[in-house]
Amino acid sequence: MPLVGFGRLIQGRLFPPANPTASLEGKTVLLTGGTSGLGLEAAIKYINLGVSSLIIACRSIERGNEAKKVIEQRAKHASSSASFDIQIWPLDMASYQSVTSFAQKINDEVPRLDIALLNAGVMHRKYTLTPDGWEETLQVNALSTALLGLLLLPKLRDSRDTATGAPAHLTFVSSGSYRHAKAGELQPDGVNSILQHLNSEESFRAHSQYRLSKVLVEYTAKSIAALTRCDDGSLGVIVNSACPGFCRSRLGREYDAWHERMFVAVFELIFGRTSEQGSRTLVSATMLGEESHGKWWRSDQYPE
C-alpha cells in the first residue's frame with residue numbers, strides 16, 4: 001500500500017465523521033444487513049434519532065431477533081413519549097426470488113418508506129455459487145442490491161414528505177476500494193460480458209471480486225439516480241452511495257488462519273474505525289439533501 005494510503009487510513013482513524021443528530025421522528029426506515037457490525041450500529045442510531053418504524057431485512061430471522069434485543073437494550077429513543085416498532089423481515093440476497101418477494105411485500109404492506117439503506121454485503125474467500133448460478137459476492141453485493149433498489153422505487157416515490165415535499169432516500173453502501181479497480185480489470189481484452197467474466201471461477205480473486213462488486217454498486221447508484229430525476233428536473237427519490245471508511249467488522253471473517261486473524265486484528269486496531277463510527281456515515285447519507293443525489297459520501301464530504 002502506498003504511503004498516501006496509510007495516510008488516509010490514519011486520518012480516517014483519528015478524525016471520524018460527525019454523529020448525525022437531526023430528528024427522524026415519524027419516519028419509516030428499511031435496513032438490509034442490520035444484524036451485526038455497521039448495520040446494527042446504524043439501526044441503533046435510527047432508533048435514537050426517533051424513527052417510528054424500522055424494518056431490518058436479514059437472512060436469519062433468529063439472528064434478526066437477537067439483533068432486535070440488542071437494539072432495544074442499547075437504543076434511547078429520541079422522544080421518550082413516542083413508541084417505535086422494530087420488524088424483522090426475511091430476505092436472502094443470494095436469491096432473486098427472495099428479493100422480488102420481499103420488495104413486493106414492502107410495496108404492498110408498508111404505508112410509506114422514507115429511507116432505504118442497502119447495507120447487506122459479503123466477501124467470500126472461496127468461489128461460491130448461489131442457487132441462481134451466480135458467484136455469491138457478485139450477486140449479493142451488486143446484482144441483488146441493484147434489483148432491490150429498482151424494485152423499491154415505486155414505494156419510495158410515493159413516500160415524499162407531505163409537510164416539506166422532500167423526497168425519500170435510497171442509499172447504497174459502497175466502499176473506497178472501488179476506486180482502486182485497475183484499468184481492464186472489470187472487462188479485460190477479449191471479454192464481451194462483464195458479468196460473465198466476474199461470474200467465472202477462473203477470474204475469481206476474493207479481494208478483487210469484492211472491489212469490483214463495489215464498482216458495480218457505484219454504477220447502479222448513478223444509473224438509478226438518473227432514472228429518478230423527473231422531466232421537470234425535480235427528484236422523485238434522492239439516491240446516493242456512502243463509504244463508511246475502513247472499519248473493524250466481520251466482513252473478512254473467512255480469513256480465519258491464526259496468522260491472518262492476528263494480522264487483521266493488529267491492522268484494525270491501528271487503522272480501523274469502530275463500527276459505530278462507520279455507521280455515522282451510512283446514517284448521515286440517508287439524511288442528506290438533494291445536493292447529494294448521484295454522489296458518493298465519505299467522512300462528511302463528497303470526495304469526487
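The values are calculated or read from the model by the stated rules, or taken from the named source; none is laboratory data. This structure is a prediction, so every number in the text was calculated from the model and none was measured. Counting neighbours? That spans all protein chains shown, and the Cβs are built from the backbone with ideal geometry, glycine included.
A few remarks follow.
- In the range 36-54, the qualifying residues are those that are within 17 Å of Pro90 (Cβ to Cβ) and buried (at least 24 other Cβ atoms within 10 Å of the Cβ), and the one that is farthest from the chain's Cα centre (by Cα) is Leu54.
- Answer from Glu66, Glu25 - the residue that is acidic (Asp, Glu), outside any strand (DSSP E or B) and either at pLDDT below 95 or under 19 Å from the mean Cα position of the chain (by Cα) (or both): Glu25
- Evaluation of Arg112 against (1) in contact with a helix residue (DSSP H, G or I) (Cβ under 8 Å, 6 or more places away or on another chain); (2) over 16 Å from Thr28 (Cβ atoms); (3) in a loop (DSSP other than H, G, I, E, B) (one fails), failing number: (2)
- Some residue of the range 87-100 being part of a helix (DSSP H, G or I), over 30 Å from Gly50 (Cβ atoms), within 15 Å of the chain's Cα centre (by Cα) and β-branched (Val, Ile, Thr): no
Every residue, every condition in (1) without any contact (Cβ under 8 Å) to a residue 24 or more places away in the chain; (2) aliphatic (A, V, I, L, M); (3) in contact with a Cys (Cβ under 6 Å, 6 or more places away or on another chain), yes or no:
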| site | (1), (2), (3) |
| --- | --- |
| Trp89 | no, no, no |
| Ser98 | yes, no, no |
| Lys105 | yes, no, no |
| Ala120 | no, yes, no |
| His124 | no, no, no |
| Trp134 | no, no, no |
| Gln139 | no, no, no |
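- Figure legend. Inter-residue proximity from the range 225-247: first residues touching a residue at least 40 places away in the same chain (Cβ under 8 Å) and within 15 Å of Trp296 (Cα to Cα), second residues surrounded by fewer than 24 Cβ atoms within 10 Å (Cβ to Cβ) and of a type in the set (A, V, I, L, M), beta-carbon distance below 6 Å, spacing 6+ or different chains. Indicated pairs: Val239/Ile224; Val239/Ala225.
- Filtered residues of the range 218-256 (kept if touching a Gly at 6+ places or on another chain (Cβ under 8 Å), of a type in the set (Ser, Thr, Tyr) and either part of a strand (DSSP E or B) or modelled with pLDDT of 80 or more (or both)): Thr220, Thr228
- Any chance Arg112 is without any contact (Cβ under 8 Å) to a residue 12 or more places away in the chain and surrounded by 15 or more Cβ atoms within 10 Å (Cβ to Cβ): no
- Any pair with Cβ under 8 angstrom, 6 or more apart, that starts in the range 277-304 at a residue that is farther than 13 Å from Val173 by Cα and in contact (Cβ under 8 Å) with a residue 40 or more places away in the chain and ends at one that is of a type in the set (Ser, Thr, Tyr) and crowded, with 22+ Cβ neighbours inside 10 Å: Ser299/Thr281; Asp300/Thr281
Results for (1) surrounded by fewer than 17 Cβ atoms within 10 Å (Cβ to Cβ); (2) modelled with pLDDT under 95; (3) of a type in the set (Val, Ile, Thr); (4) under 17 Å from Gly34 (Cα atoms), shown as yes or no for each residue.
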| position | (1), (2), (3), (4) |
| --- | --- |
| His77 | no, yes, no, no |
| Phe84 | no, yes, no, yes |
| Ala94 | no, no, no, yes |
| Gln104 | yes, no, no, no |
| Asn119 | no, no, no, yes |
| Trp134 | no, no, no, no |
| Val140 | no, no, yes, yes |
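- Criterion applied to Asp108, Asp114 was being in contact with a strand residue (DSSP E or B) (Cβ under 7 Å, 6 or more places away or on another chain) and closer than 22 Å to Gly236 by Cα, and the one residue passing it is Asp114.
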